[in-house]
Amino acid sequence: MTAPLENITVVEVDNWMAAPSTGAILADLGARVIKIEPAEGDPMRDTGRSPKVENDDLKNYDLQFDVDNRGKQSVCINLTDPAGVSLVHKMCVSADIFMCNLLSQRQEKYRFDPATLLEVNPKLVHATLTGYGTSGPEAWRPGYDVTAFFGRSGLYDAMREGSDGIVPMARPAQGDHTTGLALLGAILAALRLAEKTGEGQIVETSLFETAVWTQATDYATSSVDLAPVRQRARNQMFLPTANRYPCGDGKWVVFNMPEASAWPKFCKAIGRGSWVDEERFVDPKSRFRLMHEIVPMVDEALSAKTRDEWGEIFDAAGLIWGPVLGLHEVPEDSQAEAINLFPVLDHETLGQYRTVSIPMRFQSADVKPRGRSPLLGEHTYNVLQDFGVSDSEIESLTQQGVIAQFSQEE
């Protein structure tokens, strides 16, 4: 089978997780992704949580860096040296995509701005991911997903339970990976345009705008009436059949059945069929007014069985529900296994370990993780050779501190 992006070359100047996650997907899709790093490396290296395993080598391996950088080639170049910038320009001459997360002023400083690189290669796709965009009064502002994606976009506020609830904290890189998917979509569309027109394309996205898009259903009205979104606690939800509840083992389930007709079968499934005929619960408006009473009543009913026991009952009753799984439970989930959500990578020294699949599957194409993440500077020599840099030039550039290679590719 052929990889969708076979023979596509990507030059990537970025760090942390958002833009690198796009590069990881491009690599899974078959592109050659060349990651440009300084001698000290991407700051994301060696900052992830160590896995709690018995294998000492795997225990010390940075799996969180690995997932966003697998299948790439690492080239160490000092971008503060004009000779280093020239090397990146040399790569861009024949590359298809240049991708970065540099703010506009830094792109101009290093001569990686769209105008410069499209002179180097008029057919290049130039892609940028930032916190807040490349124009406007705050284009200068650095942003991480917790600040630009969750905080600035209103998402954190909307996720609070009750208007005075504590602002929640997101898990690592949720906004980064979502924005990485947005950048991927822009890049793939730009590649198609470049192919059709023969002209390069400039695309961008940001953590801020991607987060707003994820809340488009809310913003469809909020952008018009500018009214605050009411944060609803469990006892303030509109429907008891679209709410979340704990089971007897302390594990939770969530329901989403917005139809009024769901109430009778919901009551019968949880062993409270008598509620169907109670006058006080006669219609959705009545149930909404009495939500503060219904929620503890449902909690009490569900306390009789474990989450898994209830699951069989809910499925038999045709309810639309889902278990609230812990992160540690998902890799062993039968559905996750069926769709190969956690494929296995073979590492030449560490053995096998799970990674995370990109959220797309192809029936007749070669799409898969291409291998581990690169060691810092692992491919400097071979990549530069591929782009026409001679051995004597490589030696001279190494001596000058323009490039570095810490571990040559096997």
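The values are calculated or read from the model by the stated rules, or taken from the named source; none is laboratory data. Values in this document were obtained by computation on a predicted structure and should not be read as measured data. Here the Cβ is made from the backbone with ideal geometry for all residues, glycine too, and neighbour counts use every protein chain on show.
Observations on the structure shown:
- Being touching a residue at least 12 places away in the same chain (Cβ under 8 Å), over 24 Å from V367 (Cβ atoms) and among the polar types (S, T, N, Q) is a property that N55 has.
- Evaluation of S373 against the conditions (1) in a loop (DSSP other than H, G, I, E, B); (2) out of contact with any Lys or Arg (no Cβ under 8 Å at 6 or more places or on another chain) shows that the sole unmet condition is (2).
- Within the set A173, A189, A158, the sole residue that is in the same structural domain as N101 (by TED's automatic domain parsing) and either touching a strand residue (DSSP E or B) at 6+ places or on another chain (Cβ under 6 Å) or crowded, with 18+ Cβ neighbours inside 10 Å (or both) turns out to be A173.
- Pairs, first not assigned by TED's automatic domain parsing to the domain that holds R272 in the range 305-316, second part of a helix (DSSP H, G or I), C-beta under 9 Å, six or more apart: none
- When we screen A211, A139, A170 for residues that are part of a loop (DSSP other than H, G, I, E, B), among the small types (G, A, S) and under 26 Å from F65 (Cα atoms), the only hit is A170.
- In the range 216-230, the residues that are within 18 Å of R160 (Cβ to Cβ) form Cβ pairs under 6 Å with partners that are in a loop (DSSP other than H, G, I, E, B), at six or more places apart or across chains, as follows: D218/V229.
- The lone exception for S364 - which of (1) touching a Ser or Thr at 6+ places or on another chain (Cβ under 7 Å); (2) surrounded by fewer than 15 Cβ atoms within 10 Å (Cβ to Cβ) it fails: (1)
- Highlighted here are the helices (runs of 4 or more DSSP H) found entirely within the range 1-117 that include at least 1 residues which are within 23 Å of D145 (Cα to Cα) and more than 20 Å from the chain's Cα centre (by Cα): 104-109.
- Single condition T130 does not satisfy, out of (1) in contact with a helix residue (DSSP H, G or I) (Cβ under 6 Å, 6 or more places away or on another chain); (2) within 30 Å of P168 (Cβ to Cβ): (1)
- Residue that is nearest to D62 (Cα to Cα), among those in the range 326-358 that are under 18 Å from the mean Cα position of the chain (by Cα) and in a helix (DSSP H, G or I): P331
- The range 297-322: number of residues that are closer than 16 Å to W263 by Cα and out of contact with any strand residue (DSSP E or B) (no Cβ under 7 Å at 6 or more places or on another chain): 7
- Flag for A260 being modelled with pLDDT under 95, exposed (fewer than 14 other Cβ atoms within 10 Å of the Cβ) and either more than 30 Å from V167 (Cβ to Cβ) or in contact with a strand residue (DSSP E or B) (Cβ under 9 Å, 6 or more places away or on another chain) (or both): yes
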